[in-house]
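What follows is a single structure, written as structure tokens, with notes after it.
The values are calculated or read from the model by the stated rules, or taken from the named source; none is laboratory data. What you see is a predicted model; the values in this text were computed from it and never measured. Because the Cβ atoms are built from the backbone with ideal geometry, glycine has one as well, and the counts that use them run over all protein chains shown.
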Amino acid sequence: MSNTAVSDRVDHSKPSLHAQGQKILIIDDEAGIRDSLETLLALEGFRVDLAPDGRTGLDQLTRSTYDLLLLDLALPGESGIDLLPRIKALVPDVPVIMITAYGTVGNVVDAIRAGASNFVQKPWDNEKLLADIRLAIGKTRAEQEVVQLKRTLKQRVSFENIVGKSEPMLRLFDLVTQVAPSRSTVLIQGESGTGKELIAKAIHSHSPRRDKPFIPVNTGAVPSDLLESTLFGHERGAFTSAVAAKKGLFEVADGGTLFLDEIGTMRMDMQAKILRVLQDRRFMHVGGTQEIQVDVRIVAATNVNLQQAVKEGRFREDLFYRLNVISLELPPLRSRKEDIPLLAHHYLKFYAEENGFSPPELSTDALRLLMDYEWPGNVRELENAMERGVVLSNGPSLTPDLLPAQLRGNIFSSALMEQRPEASLFDVMEDIERRIISDRLERCNWNQTEASEFFHIPLSTLNQKIKRLNISLKKRPRE
């Protein structure tokens, strides 16, 4: 089928929906060719611009955006092959189809090497040309979508373990994205188990420091007499066990982020030293005499009400204001219960994959218990419950009996009364007590001492209850 007329085999009763809004630039020195292509493409719903030579075409590329170019090989002056590298430098992602009456192997190879996506020989078949145009535009758009998806996934990867669609969490995500690029100190406040370290990692991952170290330290877990050395390092001989000089975490985190968790438990003398580093970005090794300068961003976290601690004299007011430049408040799980199903499924899938299992589905009754529970341990407690469910599940469904006793407590009495109508209130309470103690012992690997400390009762009292309730110790206590 010749290019001199629009093919009768192409249905032009209405423009192609596929082409709506797509724009094509035709660069060809023959007016008849330009007009023929313009008619064909316009009937298919494309918007078309025309250029009689390369200079005009390049000028139009700087003033408008196109989805595809049709470029003649034999242009006067600068040929299409010579023009193509300049076009690709301007619009590298726009596909270019070369059109020529001289379709030699050498021309085809030269055009493809210069960046052409296809090569069409005159006279062309209208249907094939339209198919080639749609294919080139579709391929380019698909490649752009893949690039965009990769960018989106790269941006989201730092939030991959922070699950939530509730309004408080969406606001938190926006705040993290907004504050992360700055150098400002961030204070993350929230109850234990809400995921403060995950938020700190997200701040680091979204910041210009993402390629530098993220160093977390739980200041509440490090013994007070070792915390200074841990943070600032020490010189050889600074104290009895300092047999060699050692860098502190401020030096290790240089250029990156230092996450000070549980900062509300820090001693007052250490608070003064942290304040000086925040003010001057300088410190000295324990036992040292030379100042060390670092570029470290501080992200601190606490489950303590620092303002109350300041009032009570347990936390320095000047340090509080230094830390509280930007404050993020993590909501407890009980205030964002719409996130519970998402979190539950996330952890079920994670721990199933970790253990090589198929993830069980939450039964309706189990999900109802999750939604009704207040979650004093927040997300960490939910995570532990889902890990337990995955490990203990032998079937495709996670049922209420696989949940920890504290979640099942509110169904014990009704279930027992249905099974044993003659059961008394004492029987129901005894059954609940048995299940709670058994669950805690299992969590403690049947270590009675650890369980008694959890219940805040003497070990002798717990042993009496174990005997009275006929609880079988399935494993030996840990050494």
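Quick notes on this one:
- Being under 23 Å from the mean Cα position of the chain (by Cα), over 22 Å from residue 380 (Cα atoms) and in the same structural domain as residue 177 (by TED's automatic domain parsing) holds for only one residue in 229, 224, 207, and it is 207.
Condition check ((1) at pLDDT below 90; (2) under 19 Å from residue 441 (Cα atoms); (3) among the small types (Gly, Ala, Ser)) across all residues:
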| site | (1), (2), (3) |
| --- | --- |
| 350 | no, no, no |
| 359 | yes, no, no |
| 365 | yes, no, no |
| 374 | yes, no, no |
| 378 | no, no, no |
| 381 | no, yes, no |
| 386 | no, yes, no |
| 396 | yes, no, no |
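- Subset of region 74-119 [outside any helix (DSSP H, G or I) and free of Cβ contacts under 8 Å to residues at least 24 places away in the same chain]: 79, 92, 103, 104, 117, 118, 119
- Residue match in region 282-295 (condition: part of a helix (DSSP H, G or I) and at pLDDT 90 or above): no
- The residues in region 247-281 that are part of a strand (DSSP E or B), in contact with a Ser or Thr (Cβ under 9 Å, 6 or more places away or on another chain) and of a type outside the set (S, T, N, Q) can be counted, and the count is 2.
- Members of region 77-86 found to be closer than 15 Å to residue 61 by Cβ, out of contact with any strand residue (DSSP E or B) (no Cβ under 6 Å at 6 or more places or on another chain) and of a type outside the set (Lys, Arg), listed by number: 78, 83, 84, 85
- Residue that is nearest to residue 113 (Cα to Cα) [pool: residues in region 48-73 that are in contact with a strand residue (DSSP E or B) (Cβ under 6 Å, 6 or more places away or on another chain) and in a helix (DSSP H, G or I)]: 57
- Any hit, region 280-291, residues being of a type in the set (Val, Ile, Thr) and under 30 Å from residue 171 (Cα atoms): no
- The single residue among 29, 67 that is assigned by TED's automatic domain parsing to the domain that holds residue 96, surrounded by 18 or more Cβ atoms within 10 Å (Cβ to Cβ), at pLDDT 90 or above and closer than 19 Å to residue 87 by Cβ turns out to be 67.
- Of note, residue 92 satisfies the criterion of being at pLDDT 85 or above, within 30 Å of residue 210 (Cβ to Cβ), surrounded by fewer than 17 Cβ atoms within 10 Å (Cβ to Cβ) and not acidic (Asp, Glu).
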